[in-house]
Amino acid sequence: MATFGTLSDRLTETFRNLRTKGKLTPADVDGTVREIRRALLDADVALVVVKEFTAKVRERALGDEVNRALNPAQQVVQIVNEELIAILGGQQRRLQFAKNPPTVIMLAGLQGSGKTTFAGKLAKMLEKDGHTPLLVAADLQRPNAVNQLQVVAGQAGAAVYAPQPGNGIGNPVQVARDGVEVARRQQHDVVIIDTAGRLGVDADLMKQAADIRRAVDPDEVLFVIDAMIGQDAVNTAKAFQDGVDFTGVVLSKLDGDARGGAALSVASVTGRPIVFASTGEGLDDLEAFHPDRMASRILD
Ligand code: GDP
């Protein structure tokens with residue numbers, strides 16, 4: 001499977017070949033589109049997304065804007081860039097805050113996707129910006145999850161609301177509701193609710209997340225997805241969109257040898273914007289997601 005680096009190399013090579021041409025024939029365009037298609041598939045972008053993307057690029061590359069261009073090859077590269085940015089959501093999408101605090105942010109995603117780590121990262125980022133986040137441990141499924149959130153909160157220097165250990169399994173919906181109430185009382189202006197994930201998509205998990213969503217009426221539901229899950233990204237994202245619905249996406253583990261595919265697939269298939277990119281295990285490894293920068297990363 002290809003990494004971002006490889007995808008980028010493949011496209012650079014394709015465009016280098018294109019640049020040796022003056023006017024482009026339909027055969028040149030088809031050859032280029034075929035190469036783009038192969039490079040995207042190798043980088044694990046879902047087939048439906050690849051098809052739609054290459055059809056758009058092909059249509060524009062055969063159209064007037066390229067025929068009339070002084071440098072047709074350059075124009076095709078520009079079209080690919082524009083379409084990549086469009087698929088990734090166009091403009092940067094910022095976190096949405098409530099008019100009346102506290103802003104409630106709920107996290108959803110599979111177990112191991114990076115939710116708890118992201119909760120800590122987001123808390124730290126928000127604190128730097130002068131917010132006073134409260135982390136709420138509503139993942140009562142995994143024995144160690146509450147403890148893990150407490151550790152992460154400690155590292156981030158953020159407050160945490162968690163059910164007391166020893167009180168049985170507890171009710172995550174009630175914990176989430178109480179957490180928001182505690183935030184209101186203690187004047188935290190943002191609440192970040194960590195929820196349970198399973199290793200695979202399952203109905204109980206979805207119902208629990210949907211119940212929490214209904215109970216706390218969040219301003220943001222952020223779906224955290226591991227950028228390395230490749231082709232599975234589409235099905236997982238769709239299942240969470242149908243089951244819980246989310247307002248934005250967090251791509252985690254975009255460091256190292258993360259495949260580019262998940263970013264393109266999830267944004268395209270769900271139509272939801274990617275809000276953050278998580279790029280490491282450290283609490284400072286979090287960036288706002290910029291579609292144009294990601295497109296450059298893929299193309300440069
Ligand atoms: P959760 O089950 O969804 O809460 O996932 P965790 O936050 O526990 O993360 C699962 C594993 O992935 C942990 O070992 C984290 O250290 C690691 N992890 C989380 N985010 C990132 C990231 O952005 N990059 C890397 N390389 N590892 C990450």
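Diffusion coefficient of the range 204-300 by Stokes-Einstein, Kirkwood radius over Cα pairs, 20 °C, 1.002 mPa s: 154 µm²/s. What you get for the range 200-242, charging only the Cβ of Lys and Arg (+1) and of Asp and Glu (-1), is a dipole of about 100 debye around the Cα centre. Taking the DSSP beta bridges with both ends in the chain, the antiparallel portion is around 10 percent. Screening the chain for whole DSSP H helices with an alpha carbon extent of at least 15 angstrom along the helix axis and a mean Kyte-Doolittle hydropathy of at least 0.0 yields 47-61, 72-87, 145-156. Relative to the current alpha-carbon distance between residue 147 and residue 13, full extension at 0.36 nm per residue lengthens the span by 43.4 nm. Think of the chain as a dipole: +1 on every Lys or Arg Cβ, -1 on every Asp or Glu Cβ, centred on the Cα centre; then among 182, 143, 212, 212 lies furthest on the positive end. Once the chain from residue 30 to residue 189 is taken as fully extended at 0.36 nm per residue, the excess over their C-alpha distance is 51.9 nm. Once the gyration tensor of the Cα atoms in the chain is diagonalised, the equivalent ellipsoid follows with semi-axes of 42, 18, 16 Å, ordered largest first. Eigen-decomposition of the gyration tensor built on the alpha-carbon atoms of the range 151-281 gives equivalent ellipsoid semi-axes of 27, 18, 14 angstrom, largest listed first. Charged neighbours of residue 268, selected by a Cβ distance under 14 Å, balance to +1 (K, R count +1; D, E count -1). Cross-link pairs exceeding 30 Å between alpha carbons, from the set 99/253; 207/253; 56/99: 99/253; 56/99.
When the solvent-accessible area of the range 70-122 is split by element, carbon and sulfur atoms take up 47 percent of it, the probe being 1.4 Å. Protein heavy-atom surface of the range 1-69, 1.4 angstrom probe: 51% of the accessible area is carbon and sulfur, with nucleic acids and ligands not counted.
Over the chain, accessible surface divided per residue gives 45 Å², non-protein components excluded, 1.4 Å probe.
A simple packing score, the average count of other Cβ atoms within 10 Å per residue, orders the peptides 175-185, 115-125, 200-210 as 115-125, 175-185, 200-210, with the highest score first. Could you tell me the center-to-center distance, by alpha carbons, between the range 94-119 and the range 242-300 in angstrom? Rounded to whole Å, the Cα centres lie 15 Å apart.
If each residue of separation counts as 0.36 nm, what is the full-extension length gain between residue 92 and residue 71 once their alpha-carbon separation is subtracted?
Taking 0.36 nm per residue and subtracting the Cα distance, the gain is 4.6 nm.
Extending 7 Å from Cα along the Cβ direction at residue 296 and again at residue 127 yields two label points whose distance is 3.2 nm.
Taking 34, 60, 94 and ordering them by how much accessible surface each has at a 1.4 Å probe, largest first, produces 94, 34, 60.
The values are calculated or read from the model by the stated rules, or taken from the named source; none is laboratory data. Quick caveat: nothing in here was measured; it's all calculated off a predicted structure. Cβ sites come from the backbone with ideal geometry, for glycine too, and all protein chains shown count toward neighbours. Accessible surface is based on the protein model in full, side chains and every heavy atom, while ligands, DNA and RNA are left aside. Shrake-Rupley method; radii C 1.70, N 1.55, O 1.52, S 1.80 Å.
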